[in-house]
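Read the figures in this text as sums done on the coordinates, not as results from a lab. Predicted, not measured: the structure shown is a model, and the values here were computed from it. Cβ placement follows ideal geometry from the backbone for every residue including glycine, while neighbour counts extend to all protein chains displayed.
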Amino acid sequence: MLRGVTRSRAMTSQFARSSVFALFLVSLAMLGCSPLGRFTKQYKCELPGKSEPKTAYEFVERGMEHVRAEQFDCALGACSEAIRLDSRLATAYACRGGVLGNTGELLKALKDFDQALNLQPDNGDFYYSRAQVHDKLGNTDLALTDLAKAVALIKSEFGRSVAFALRGRVYQKSGKLDESIKDYTEAIRLAPSFAYHYANRAEVYFDKKEFDKAIADYSEAIRLDPKNQYFRRDRAKVFRAVGREDLAVRDEANDTN
């Protein structure tokens, strides 16, 4: 009799545990975060002429290929698959964070960049990428904090120049124009052949009504990238501000050619 009671109680206890676990799964499914996702292949796409990636690193590379092709759903799947294969791979989280940032899912992107930095806290590129997300969210102070880390940690001169340029833009939007010019000037020092740094500094000079400096920077941007129509259009705006309608019209005419 006791054995029957014991067995009955054991079955009841097992059923209760099973029921609780089933309810747990249903609840997570309703929240859109099934725990079984980490065991399910996330990547369902193909690239013509490319073999199926096998390692987490290869899936990160595949994700970047999809990003360059603006195939963001496939990129998200590839980066998620990299995480499924290696949950300690920082670049996999940064990969997915970049995709989510591009598709406007900023809070999810922020979470992924947080995890990437937890795993690799000295990666300046990750700080730069997270700063972009903070900037889009309007978290100016947090963006500036991350950019201070980025300019200190990024090793390549061009990479640092881009980080200084982003900080210059954040300062500009905050009305701190002198700080903005200082950062754009450093960006130019690091990458003197990159036309956009001159055009960005020119915009700040225009905001400060230092029109001669703005014209000089737009002119240098045009010299470096003569096919860029936006630079001539923006220089025309400055010419018009100083009463040189003839030069503004000439730039606008060249802009349409």
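When the Cα centres of the stretch 106-148 and the stretch 197-251 are compared, how far apart do they sit, in Å? One Cα centre to the other: 32 Å. By its C-alpha gyration tensor, with a ≥ b ≥ c as the square roots of the eigenvalues, how is the stretch 41-197 shaped: rounded for a/c under 1.5, else prolate for a/b larger than b/c, else oblate? Prolate, because a/c is 1.5 or more and a/b exceeds b/c. Apply the a/c threshold of 1.5 to the C-alpha gyration tensor of the stretch 137-206 and tell me whether it is rounded, prolate or oblate. Taking the square roots of the gyration eigenvalues as a ≥ b ≥ c, the stretch 137-206 is oblate. Extending 7 Å from the Cα toward the beta-carbon at both Y230 and D141 defines two label points whose distance is 3.1 nm. Sorting R250, R235 from the fewest to the most surrounding beta carbons within 10 angstrom yields R250, R235.
Between E61 and R223, the modelled label-to-label distance comes to 4.1 nm, taking each label 7 Å out from Cα in the direction of the beta carbon. Here the Karplus curve 6.51 cos²θ - 1.76 cosθ + 1.60, taken at θ = phi - 60°, turns the phi angles of the stretch 225-230 into couplings of 9, x, 8, 7, 6, 5 Hz, with x standing for Gly and Pro. Taking a point 7 Å from the Cα of D246 along the Cα-to-Cβ direction, the residues of the stretch 210-239 with backbone N closer than 20 Å to it are 212, 215-216, 219, 233, 235-239. Each of F239, F164 was scored by other Cβ atoms within 10 Å of its Cβ. Arranged with the fewest first, they read F239, F164. Placing unit charges on the Cβ atoms only, positive for Lys and Arg and negative for Asp and Glu, gives the stretch 65-131 a dipole magnitude near 140 debye about its Cα centre. Under the convention that each Lys and Arg Cβ holds +1 and each Asp and Glu Cβ holds -1, the size of the dipole of the stretch 101-248 around its Cα centre is about 320 debye. Between E70 and E46, the FRET efficiency from the beta-carbon distance, with R0 = 22 Å, is close to 0.85.
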